[in-house]
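What follows is a set of notes on a single structure, which appears directly below.
The values are calculated or read from the model by the stated rules, or taken from the named source; none is laboratory data. In this text, all values refer to a predicted model and were calculated from it rather than measured experimentally. Don't worry about glycine lacking a Cβ; one is built from the backbone with ideal geometry, like all the others, and counts go over all protein chains shown. Ligands, DNA and RNA are stripped out before the accessible areas are found, and what is left, the full protein with its side chains, is counted by its heavy atoms. Shrake-Rupley method; radii C 1.70, N 1.55, O 1.52, S 1.80 Å.
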Amino acid sequence: LEFRRVLCRSVGGLAAAVGVALGGLVTDLIGKGSKTAYAVVPGIGFLIASPLYVMAFLQPTLIGMATWVIVPLILQYLYLGPTFAVTHNLVEPRMRASATAILFLPINLIGLGFGPPFVGWLSDHMAQHFFTGGGVFKALCPGGKAAEGAAAGLAQACGAASFDGVKWAILITAGVVYAWAGLHYLLAARSLKREMEAA
């Protein structure tokens, strides 16, 4: 179990660092010719990451998942550098700290505040769909596990339903949210050059 935690954290941290650096470098390189790159690069990154995340979470082994998830993790984090660059360029220098704080507000409120509870809620609903133990999953499997001393068949059904519920909640969320974010970045690219020049 400890090996799995270390592996997941290492893969996630390394991929995030590469994605942030790569997003800045690629956007600066392409952005010399067109300011729309500051929205197009993150948009394409999110759109490609979406199906790759689905493929990653469909892998049957942890090593397979860790191998597949590296690329979408990198692509996901391409947005960070360009987004902050655009935010800073759209306001006066004295307002950059405030603009950054305002940008972090929805990122944290929606992403970190709403995201985990939503995935948990969806996971419970998906687990009920996969539950073969008869009855209500949440009542028979509190916390995703059968009560102490429950029949072996129920314990196995709880474990399998809980696993499938989490997996499909993440698949649906990653597949939809990243594709949606990518689409909105590409829509923003249409007016970005004009707005940056006006600022």
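Quick notes on this structure:
- Filter result for the condition that a residue is at pLDDT below 85 and either in contact with a Cys (Cβ under 9 Å, 6 or more places away or on another chain) or open to solvent by 70 Å² or more (accessible area, probe 1.4 Å) (or both), over 152, 161: 152
- Test: residue in the stretch 52-67 that is touching a Leu at 6+ places or on another chain (Cβ under 8 Å), outside any helix (DSSP H, G or I) and either among the small types (Gly, Ala, Ser) or at pLDDT 90 or above (or both): yes
- Restricting the stretch 186-199 to residues that are open to solvent by 50 Å² or more (accessible area, probe 1.4 Å) and in a helix (DSSP H, G or I), the residue that is nearest to residue 54 (Cα to Cα): 186
- Test: residue in the stretch 68-75 that is farther than 21 Å from residue 13 by Cβ and in a helix (DSSP H, G or I): no
- Which numbered condition residue 34 fails, given (1) open to solvent by less than 70 Å² (accessible area, probe 1.4 Å); (2) assigned to a helix (DSSP H, G or I): (2)
- Unique match (being of a type in the set (Val, Ile, Thr), open to solvent by less than 40 Å² (accessible area, probe 1.4 Å) and out of contact with any Cys (no Cβ under 8 Å at 6 or more places or on another chain)) among 67, 61, 83: 83
- Screening residue 10 on (1) loosely packed, with under 15 Cβ neighbours inside 10 Å; (2) closer than 25 Å to residue 198 by Cα shows it passes everything except condition (2).
- One residue stands out in the stretch 118-149 among those that are crowded, with 16+ Cβ neighbours inside 10 Å and more than 29 Å from the chain's Cα centre (by Cα): the one that is modelled with the lowest pLDDT, namely 133.
- Of the candidates 102, 110, the single residue that is part of a helix (DSSP H, G or I), open to solvent by 80 Å² or more (accessible area, probe 1.4 Å) and at pLDDT 90 or above is 102.
- Pairs where the first residue, in the stretch 90-115, is basic (Lys, Arg) and the second is surrounded by 12 or more Cβ atoms within 10 Å (Cβ to Cβ), C-beta under 7 Å, 6+ apart: 96/88
- Test set (1) under 19 Å from the mean Cα position of the chain (by Cα); (2) open to solvent by 60 Å² or more (accessible area, probe 1.4 Å); (3) of a type outside the set (Asp, Glu); (4) modelled with pLDDT of 85 or more - residue 5 fails condition number: (4)
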